[in-house]
Amino acid sequence: MSRVCQITGKRVIKGNKVSHSNIKTKREFQPNLHTKKFYVPELDDYVVLKVSAKGIRNINKKGIWKCIIEASEKGIIR
């Protein structure tokens, strides 16, 4: 899974780059992804995830185990 957050499901989106003269050119907006290693106490092991900045904030708020369960219910993680 390249350029996709494994917690929130954010991915690359397409849009326009608009110049000063209002010429539109296609471009991609990349999500702010980081490869992070998280400790999961329920599994007593580490998990490496590619997560966005918003995904890291969700993990800090809810906890890694709950975020993994929610992502698997949504079909983002298998």
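Every number here is computed from the coordinates shown, using simple stated rules; none is lab data. Fair warning: this is a prediction, and the values are worked out from it, not measured in the lab. Every residue, glycine as well, gets a Cβ built from its backbone with ideal geometry; the counts of neighbours run over all protein chains shown.
So which residues in segment 52-78 are under 11 Å from residue 9 (Cβ atoms) and either charged (D, E, K, R) or surrounded by 13 or more Cβ atoms within 10 Å (Cβ to Cβ) (or both), if there are any at all? Residues satisfying the conditions are 52, 54, 55, 70, 71, 74, 76, 77.
Looking only at residues in segment 35-52 that are touching a strand residue (DSSP E or B) at 6+ places or on another chain (Cβ under 9 Å) and among the aliphatic types (A, V, I, L, M), the one that is farthest from residue 3 (Cα to Cα) is 40.
Taken over segment 7-21, residues that are closer than 17 Å to residue 58 by Cα and among the β-branched types (Val, Ile, Thr) amount to 2. So in segment 9-50, with the set limited to residues that are among the β-branched types (Val, Ile, Thr) and under 17 Å from residue 71 (Cα atoms), which one is surrounded by the fewest Cβ atoms within 10 Å (Cβ to Cβ)? Here the answer is 35.
Here the strands (runs of 3 or more DSSP E) wholly within the chain that include at least 3 residues being free of Cβ contacts under 8 Å to residues at least 60 places away in the same chain and out of contact with any Phe, Trp or Tyr (no Cβ under 9 Å at 6 or more places or on another chain) are 13-18, 24-29, 33-40.
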